Amino acid sequence: MTQIFFYHDAADRLAASAALIGKALAQNKPLMVYAPDSDLAHALDRLLWQQPPTGFVPHVDVRSPLAAETPVVIANDLETLVQDERLLNLSDEVPPGFARFAKLIEVVGQANEDRHAARQRVKFYKDRGYAIQYFDLSGQSV
């Protein structure tokens, strides 16, 4: 069963996501990022070129011919999977087919819209019997 992790109360959801992506990369853990909103995907792409400040996180779009060889893949849909180990969800909805992944990572910002959408996803997962681990990001500068 998919392990689900909610990182909540992030002052900057995108920056917190980039930090978690960088941490996964440092541990040699491949990661798919589900970002169906193209503006959000582009903003993450730009941020990963600067994360960490002295380098960048190697990443590509799922349609890239290098996707199978790149540790971080950004996808606007989950039709094409290059790995099924970890999925970071940047959608406000439950990602389609998330159960194919061993781990699902959700990052929740402080905005009321983020919190409301996250509560709906938590309810969806709990109603289906998934255990959820929570991590509080409040007070952390990411």
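Rolled with a 1.4 Å probe across the full set of protein chains, the surface gives Phe56 an accessible area near 100 Å².
Think of a 1.4 Å ball rolled over the protein heavy atoms: the chain then has 54 Å² of accessible area per residue.
Think of each Lys and Arg Cβ as +1 and each Asp and Glu Cβ as -1; about the Cα centre, that makes the dipole of the chain roughly 440 debye. On the principal axes of its alpha carbon atoms, the stretch 34-142 extends 38, 33, 22 Å, with the longest extent given first.
Among the trypsin sites (Lys or Arg not before Pro) within the stretch 79-142, those in coil by DSSP and having at most 14 neighbouring Cβ atoms inside 10 Å are Arg128. Could you tell me which residue out of Ile132, Ile105, Ala26 lies farthest along the dipole of the chain toward its positive end? Charges go on the beta carbon: Lys and Arg +1, Asp and Glu -1, centred on the Cα centre. My answer, from the dipole projection, is Ile132.
Estimated from helical segments only, the mean residue ellipticity of the chain at 222 nm is -9500 deg cm²/dmol, where each DSSP H run of four or more residues counts as -39500 (n - 2.57).
Exposed loop positions in the chain were taken to be GluC sites (Glu not before Pro) whose DSSP state is not H, G, I, E or B and which have at most 16 other beta-carbon atoms within 10 angstrom. Between these positions, the longest stretch is 1-78. For the stretch 13-92, a crude dipole built from +1 on the beta carbon of Lys and Arg and -1 on the beta carbon of Asp and Glu, taken about the Cα centre, is about 380 debye to the nearest 20.
Distances between placed amide hydrogens fall under 5 Å for Leu78 paired with no residue 5 or more residues away or on another chain. With a cut-off of 11 Å on the backbone N, no residue of the stretch 95-127 is near the modelled label site 7 Å out from Asp39 along Cα-Cβ.
Modelled spin labels at Arg115 and Gln3, positioned 7 Å past Cα toward Cβ, are 2.8 nm from each other. In this simple spin-label model, placing a label point 7 Å from the Cα along the Cα-to-Cβ direction at both Trp49 and Ala102 gives a separation of 3.2 nm.
The gain in end-to-end length when the Lys123 to Phe135 segment is fully stretched comes to 2.6 nm, 0.36 nm per residue minus the alpha carbon separation.
The values are calculated or read from the model by the stated rules, or taken from the named source; none is laboratory data. These figures come from a predicted structure and were not determined experimentally. Ideal geometry is used to build each Cβ from the backbone, glycine not excepted, and the neighbour counts take in all protein chains shown. Accessible surface is based on the protein model in full, side chains and every heavy atom, while ligands, DNA and RNA are left aside. Shrake-Rupley method; radii C 1.70, N 1.55, O 1.52, S 1.80 Å.
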